[in-house]
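The values are calculated or read from the model by the stated rules, or taken from the named source; none is laboratory data. This is a predicted model, so every value here is computed, not measured. All Cβ positions, even for glycine, are placed from backbone atoms using ideal geometry, and neighbour counts span all protein chains on display. Surface areas here come from the heavy atoms of the whole protein model, side chains and all, with no ligands, DNA or RNA. Shrake-Rupley method; radii C 1.70, N 1.55, O 1.52, S 1.80 Å.
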Amino acid sequence: MGGVLAAFGAAGFTGHDLEYAWSAVVDYVIGAAGSEASWQRDQTGPTSADWIDELGPYLARLDEERPRLASHIRGIWMKETGDILEDRFAFGLACILDGLEARRP
């Protein structure tokens, strides 16, 4: 914890802002890890490709009614789930850090 506080202190955070800044990162990491662990615990069975195949009739209907949604589902969820989770975590953490950068004194 000392190294984290030192890093945020070196970035210019002090007092309550220092506490809030490092807590925001820790809270995000813990929340994301807990969410992923909970999700993975319940995952047994079909792969992403299997899931998309099962959605075939639904996606065919979406192609006509909501083509952007159908495209989004295929484009995102055809990736391996681990890649999606990793990318989503990295995106969220980057957003947190960008927000903290904007708040630096």
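Quick notes on this structure:
- Sites listed here are trypsin sites (Lys or Arg not before Pro) in the range 11-105 whose DSSP assignment is loop and whose Cβ has at most 13 other Cβ atoms within 10 Å: K79.
- Pairs of C-alpha atoms in the chain farther apart than 22 Å represent 52 percent of all such pairs.
- Of the DSSP H helices in the chain, those whose Cα atoms cover at least 24 Å axially and whose Kyte score averages -1.0 or more: 15-41, 81-103
- With contributions of -39500 (n - 2.57) from each DSSP H run of at least four residues, the per-residue ellipticity at 222 nm computed over the chain stands at -27000 deg cm²/dmol.
- W22 accessible area, 1.4 Å probe, all protein chains in place, Å² to nearest 10: 40
- Using a simple spin-label model with pseudo-atoms 7 Å out from Cα toward Cβ, V26 and S71 lie 4.4 nm apart.
- Förster radius 41 Å - calculated FRET efficiency between F89 and T14, Cβ distance, rounded to 0.05: 0.90
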